[in-house]
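Worksheet: the structure to be examined is printed underneath.
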Amino acid sequence: MNRSILKPVIAGALIGAALFFIPFFVLRVAVFVLIVGLLFRLFGRRSWGPGSRRQERFTRFADKVRNMTDEEYAQFKERFQYGCGGQHHKTTMAQ
């Protein structure tokens, strides 16, 4: 008779403990997912998404180069033939 009561008591205790601890686990997982999603929304769109500042800056630069006259474009190519900071590279290569 003791054995037939012991199994339901242990099962009830395990189910009760599971029901007690599951909300804390689910809440932690939900908070973690929300925080990760928020971080991706805050930082991800700026560098990868459409309409990012980097893309807008590149578009303005491309439009500026397209609208240059032949003389301005020749000056631009001469100035940046060594890349960004070309004057420094030009002086160090000459030495």
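Here is how the numbers come out for the structure above:
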item	result
Hits in segment 40-95 (condition: hydroxyl-bearing (Ser, Thr, Tyr), at pLDDT below 80 and more than 34 Å from the chain's Cα centre (by Cα))	THR91, THR92
Count - residues of segment 1-28 that are loosely packed, with under 10 Cβ neighbours inside 10 Å and aliphatic (A, V, I, L, M)	4
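The values are calculated or read from the model by the stated rules, or taken from the named source; none is laboratory data. Because the structure is a prediction, the values reported are computed rather than measured. A quick note on method: Cβ atoms are made from the backbone with ideal geometry, for glycine too, and the neighbour counts reach across all protein chains shown.
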